[in-house]
Amino acid sequence: MTYIQSGTKTYYSAAIALFFAGFVTFATIYATQPLLPIFSDEFGVTAQSASLTISVTTGMLAILLLVAAPLSDRFGRKNVMVLSMILTAVMGLLTAFSPNFGTLLSIRTFLGIAVAGVPAIAMTYVVEEFDQNSLGKVMGLYIAGSSIGGMSGRLITGVLTDIWNWQVALSVLGGLSIVMSVLFVFMLPNSKHYTPKKSSINQALRRYGSVLKQPQLMAVISLGLSLWALLSFSLIISLTC
């Protein structure tokens, strides 16, 4: 079985599919960021409460990243990413039809669960399926899709909300995400170098436990957790004052 070689039709198809994956993931995550003042006014909540539409998504994403990787060991890289893409696009579209703030938060919470499949697995798929000489370019394209998606999600919803309203803005972005997700399904080649593994919960916990023995990794993780805890504490204080 050969690896995906740079310059081939399969290479370009897979690379574009991974660009779409990065775009949809981060465009959907940050789509509500420019809408926070509008949510605050329309739903009668504080600015801090409105910011939960981002916080609940990224919080669930951080947790589910630990679950998505073991699932891909058992059910396949592409299968988990496809499910993640489709659910992310659907959740993003449903956000546009939220009748109240509680529903909006619920959908954004489930979105955080759904979206974890791509960032947890994409790089693993690339390393397993692409020729080593192509890895840098493909990873760069996926990261570019993530960056452009994060920026475009904010831009699309911000501009369209100014022209129409936030429901139309999120509907358009949701529709675009569904189109890209369908293209992803057909454009990303099936895994050829993946071997299913029946990983138990105990095995997964042991693998994650090995991270605790690496001081450099623990320092980076601790920094992220400290910042998250500080931001969460600040939000709780602001909500209770």
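The values are calculated or read from the model by the stated rules, or taken from the named source; none is laboratory data. The model shown is predicted, which means the values in this text are computed figures rather than measured ones. Note that we place each Cβ from the backbone using ideal geometry, even for glycine, and neighbour counts take in every protein chain shown. Surface accessibility is based on the protein's heavy atoms, side chains included, excluding ligands, DNA and RNA. Shrake-Rupley method; radii C 1.70, N 1.55, O 1.52, S 1.80 Å.
Summary of computed values
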read-out	value
Any pair with Cβ under 7 angstrom, 6 or more apart, that starts in region 185-197 at a residue that is modelled with pLDDT of 85 or more and ends at one that is in a loop (DSSP other than H, G, I, E, B) and exposed (fewer than 14 other Cβ atoms within 10 Å of the Cβ)	192/1
Pair list, Cβ under 6 Å, 6 or more apart: region 1-12 residue under 15 Å from residue 139 (Cα atoms) and in a helix (DSSP H, G or I), other residue at pLDDT 90 or above and among the hydroxyl-bearing types (Ser, Thr, Tyr)	none
One residue from 25, 103, 58, 53 being touching a residue at least 60 places away in the same chain (Cβ under 8 Å), among the polar types (S, T, N, Q) and either in a helix (DSSP H, G or I) or open to solvent by 30 Å² or more (accessible area, probe 1.4 Å) (or both)	25
Criterion: touching a residue at least 60 places away in the same chain (Cβ under 8 Å) and touching a Lys or Arg at 6+ places or on another chain (Cβ under 9 Å) - qualifying residue of 88, 95	95
Among the residues listed as 79, 133, the single one being open to solvent by 50 Å² or more (accessible area, probe 1.4 Å), in contact (Cβ under 8 Å) with a residue 24 or more places away in the chain and either assigned to a helix (DSSP H, G or I) or touching a helix residue (DSSP H, G or I) at 6+ places or on another chain (Cβ under 7 Å) (or both)	133
Count of residues meeting criterion [open to solvent by 60 Å² or more (accessible area, probe 1.4 Å) and in contact (Cβ under 8 Å) with a residue 60 or more places away in the chain] in region 142-154	4
